[in-house]
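This report concerns only the one structure given below.
The values are calculated or read from the model by the stated rules, or taken from the named source; none is laboratory data. What you are looking at is a predicted structure, and each value in this text was computed from that prediction instead of being measured. As a convention, Cβ positions derive from the backbone with ideal geometry for all residues, glycine included, and neighbour counts pool all protein chains shown. Heads up: the accessible areas ignore ligands, DNA and RNA and are worked out on the full protein's heavy atoms, side chains in. Shrake-Rupley method; radii C 1.70, N 1.55, O 1.52, S 1.80 Å.
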Amino acid sequence: MRPFNYIEAKTRQQALAAVQEQEHAKYLGGGTNLVDLMKEDVERPEYLIEVADLDNDTITSNAVGGLTLGAARSNAATANHPEVRKQYPLLSMAMLSAATAQIRNMATNGGNLLQRTRCPYFFETSMPCNKREPGSGCGALDGANAQHAIFGWSKSCVATHPSDMCVALAALEAMVTVQTPDGSERTIDFSDFHRLPGKQPELDNTLEPGELITAIELPKPQFTQHYHYLKIRERSSYAFAILSVAAGLKIRGGVITDVVLAMGGVAHKPWKLTAAEDYLIGKEPTTENFEEAAQLALADARTLEHNAYKVPMGIKAIVRTLEQAYSKEA
């Protein structure tokens with residue numbers, strides 16, 4: 001562990017000022033990913049600025065009829081909040097599938113969005129990784145890539161985003177509110193928050209230097225009856241998804257009137273399945289239609305040497321998730 005300085009910010013203004021004053025500074029929320037990376041010598045901040053105790057830890061109603069989730073609120077407190085469980089059960093289900101109870105108690109909502117990949121080449125500093133050391137190459141591209149991306153990857157990086165929470169947020173089309181160093185605020189569509197690797201895989205998201213996540217804005221609740229989150233992993237607990245699927249359905253008159261679908265574990269960011277969503281609108285909620293939607297969802301997949309299994313697995317996972325969502329009672 002390299003030595004570092006610790007700054008406990010009492011206000012957002014103090015946090016923003018501190019990160020501007022120090023060249024190699026990182027915000028510290030729950031630290032469940034950042035501290036691990038520091039131990040592995042992947043992250044080397046000289047200053048850690050504590051933001052978990054700021055005033056943005058509440059869950060309140062917002063102007064569009066949804067909820068505002070404070071960035072400093074813990075994952076556990078968010079997932080188990082009565083209004084989140086009632087209005088956004090898909091999000092609660094996804095969050096409770098992540099990590100362990102102890103980690104969910106520490107992890108914050110804002111920190112969850114900033115998780116970095118669990119690619120072993122990223123964690124192992126003796127191996128090449130463009131995300132960790134730009135220009136060094138991607139070890140996974142022609143290496144052990146069984147759990148890597150099938151969508152949106154480039155020759156610079158084939159890593160996947162590890163979050164469960166973010167898959168549900170992508171499906172629900174949330175927004176992210178950030179405070180800029182000059183004190184103003186801006187809002188980012190969740191679909192635009194995380195980046196694809198392109199030629200700069202070291203950039204995980206579209207935050208500008210020093211910006212602080214303050215809240216996640218959820219839209220008016222729509223999928224309170226027919227929803228499901230499926231996580232496929234190598235063991236039943238404390239494991240990241242090989243792939244995951246979040247689905248919500250609205251059904252009226254025997255046909256699907258609205259649908260949201262997103263996958264995790266398949267790209268550098270949570271992957272929205274828009275072609276499948278478009279196909280299902282106006283269709284009956286049958287297995288045959290779910291299978292056709294799943295085929296469309298995986299049609300553009302680009303596999304690597306060891307992860308071609310994710311295509312048939314993904315098709316079956318989407319069908320199963322939609323079937324579970326449809327069969328769920330209010």
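Out of Pro181, Pro201, which single residue is over 21 Å from Cys119 (Cα atoms) and assigned to a loop (DSSP other than H, G, I, E, B)? It would help to see each step written out before you state the result.
On the way: Pro201 fails: over 21 Å from Cys119 (Cα atoms).
Unique residue meeting the criteria: Pro181.
Filter region 1-39 down to the residues that are of a type in the set (S, T, N, Q), surrounded by fewer than 18 Cβ atoms within 10 Å (Cβ to Cβ) and not in a strand (DSSP E or B) and list them by number.
Here is the first cut: in region 1-39, the ones of a type in the set (S, T, N, Q) are 5, 11, 13-14, 20, 22, 32-33.
In the following step, the residues that additionally are surrounded by fewer than 18 Cβ atoms within 10 Å (Cβ to Cβ) were identified as 5, 11, 13-14, 20, 22.
Once the filter is applied, which keeps residues that are of a type in the set (S, T, N, Q), surrounded by fewer than 18 Cβ atoms within 10 Å (Cβ to Cβ) and not in a strand (DSSP E or B), region 1-39 yields Thr11, Gln13, Gln14, Gln20, Gln22.
For Ala149, which of the numbered conditions (1) touching a strand residue (DSSP E or B) at 6+ places or on another chain (Cβ under 7 Å); (2) in a loop (DSSP other than H, G, I, E, B); (3) buried (at least 21 other Cβ atoms within 10 Å of the Cβ) fails to hold?
(1)
From the list Arg118, Arg132, which one is touching a Phe, Trp or Tyr at 6+ places or on another chain (Cβ under 7 Å), open to solvent by 50 Å² or more (accessible area, probe 1.4 Å) and part of a loop (DSSP other than H, G, I, E, B)? Even if it seems obvious, please write down each step before you answer.
Values: Arg132 fails: open to solvent by 50 Å² or more (accessible area, probe 1.4 Å).
Result of the check over Arg118, Arg132: Arg118.
I'd like to check which helices (runs of 4 or more DSSP H) are fully inside region 238-330 and have at least 2 residues that are modelled with pLDDT under 95 and over 19 Å from Val167 (Cα atoms). Give the steps one after another, and end with the answer.
Numbers: elements: 274-280, 287-297, 310-327.
Because the criterion is at least 2 residues that are modelled with pLDDT under 95 and over 19 Å from Val167 (Cα atoms), no helices (runs of 4 or more DSSP H) in region 238-330 meet it.
Among the residues of region 42-64, are any touching a Gly at 6+ places or on another chain (Cβ under 6 Å) and assigned to a helix (DSSP H, G or I)?
No, region 42-64 has no match at all.
Which residue out of Leu113, Leu169 is open to solvent by less than 10 Å² (accessible area, probe 1.4 Å), touching a Phe, Trp or Tyr at 6+ places or on another chain (Cβ under 6 Å) and touching a residue at least 40 places away in the same chain (Cβ under 8 Å)? Please lay out each step first, then the result.
On the way: Leu113 fails: touching a Phe, Trp or Tyr at 6+ places or on another chain (Cβ under 6 Å).
Every option except Leu169 fails the conditions.
Here is a list: Asp204, Asp192. Which entry is modelled with pLDDT of 95 or more and either exposed (fewer than 14 other Cβ atoms within 10 Å of the Cβ) or of a type in the set (Gly, Ala, Ser) (or both)? Break it down into steps so the answer makes sense when it comes.
On the way: Asp204 fails: either exposed (fewer than 14 other Cβ atoms within 10 Å of the Cβ) or of a type in the set (Gly, Ala, Ser) (or both).
Of the residues listed, the single one that is modelled with pLDDT of 95 or more and either exposed (fewer than 14 other Cβ atoms within 10 Å of the Cβ) or of a type in the set (Gly, Ala, Ser) (or both) is Asp192.
Conditions (1) more than 21 Å from the chain's Cα centre (by Cα); (2) closer than 30 Å to Gly139 by Cβ; (3) among the β-branched types (Val, Ile, Thr), marked per residue:
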{"position": "Thr274", "(1), (2), (3)": "no, no, yes"}
{"position": "Asp278", "(1), (2), (3)": "yes, no, no"}
{"position": "Ala297", "(1), (2), (3)": "no, yes, no"}
{"position": "Leu304", "(1), (2), (3)": "yes, yes, no"}
{"position": "Pro312", "(1), (2), (3)": "yes, yes, no"}
{"position": "Ser327", "(1), (2), (3)": "yes, no, no"}
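In region 51-67, how many residues are over 18 Å from Lys86 (Cα atoms), under 22 Å from the mean Cα position of the chain (by Cα) and open to solvent by less than 40 Å² (accessible area, probe 1.4 Å)?
We begin by selecting, within region 51-67, every residue over 18 Å from Lys86 (Cα atoms); these are 51-57, 63.
Add one more test, that the residue is under 22 Å from the mean Cα position of the chain (by Cα), and what stays is 51-52, 56-57.
Now restrict to residues that are open to solvent by less than 40 Å² (accessible area, probe 1.4 Å): 51-52, 56.
Residues meeting the conditions: 3.
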